[in-house]
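Visitor: First the structure, which I've put down as structure tokens, then a few questions once you've had a look.
The values are calculated or read from the model by the stated rules, or taken from the named source; none is laboratory data. Everything numeric here is computed off the predicted structure, so don't read it as measured data. Cβ atoms come from the backbone with ideal geometry, glycine included; neighbour counts cover every protein chain shown. Just so you know, the surface numbers come from the protein's heavy atoms only, side chains and all, with ligands and any DNA or RNA stripped out. Shrake-Rupley method; radii C 1.70, N 1.55, O 1.52, S 1.80 Å.
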Amino acid sequence: MAEYHVGCGFFGIYAGILNSRNKSQWQNKSEVTDEALCAVRDYMVMELLGGTKCAKATSSGYEWTLKDGRTVELRVTIK
């Protein structure tokens, strides 16, 4: 059974199946940028903020440290 993957490219976020012989090439893919970003937004609001009606927090997120020491931050804020 083929594995479904999500990845990014120069023009967006893609989902699909990778080539079974060359895992760095897509066998088929669909552009899913808007759908993926909305799914990440909704997940973060539910998991980190407790949902849109919860008042426990208005901002939260994740962060990762790059090899050169800089930090990448992904944050969601409800105003």
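Visitor: State the number of residues belonging to the stretch 3-23 that are more than 19 Å from the chain's Cα centre (by Cα) and open to solvent by 100 Å² or more (accessible area, probe 1.4 Å). Outline the logic, then answer.
Guide: If we filter the stretch 3-23 for residues that are more than 19 Å from the chain's Cα centre (by Cα), which is where we start, we get 19-23.
Now narrow it down to the ones that are open to solvent by 100 Å² or more (accessible area, probe 1.4 Å): 21, 23.
Adding up the residues that qualify gives 2.
Visitor: Can you run down the residue pairs with Cβ atoms below 9 Å, 6 or more apart or on separate chains, where the first is in the stretch 3-21 and farther than 14 Å from GLU31 by Cα and the partner is β-branched (Val, Ile, Thr)?
Guide: Correct list of pairs: GLU3/ILE17.
Visitor: Moving on. Residues of the stretch 24-58 being touching a residue at least 12 places away in the same chain (Cβ under 8 Å), over 14 Å from ARG75 (Cα atoms) and either open to solvent by 40 Å² or more (accessible area, probe 1.4 Å) or among the polar types (S, T, N, Q) (or both), which ones?
Guide: TRP26, GLN27, ASN28, LYS29, SER30, GLU31, THR33, THR52
Visitor: Right, here's the next one. Condition (residue is surrounded by 11 or more Cβ atoms within 10 Å (Cβ to Cβ) and among the small types (Gly, Ala, Ser)) applied to the stretch 63-79: is it met by at least one residue?
Guide: So far as the stretch 63-79 goes, no, none of its residues is surrounded by 11 or more Cβ atoms within 10 Å (Cβ to Cβ) and among the small types (Gly, Ala, Ser).
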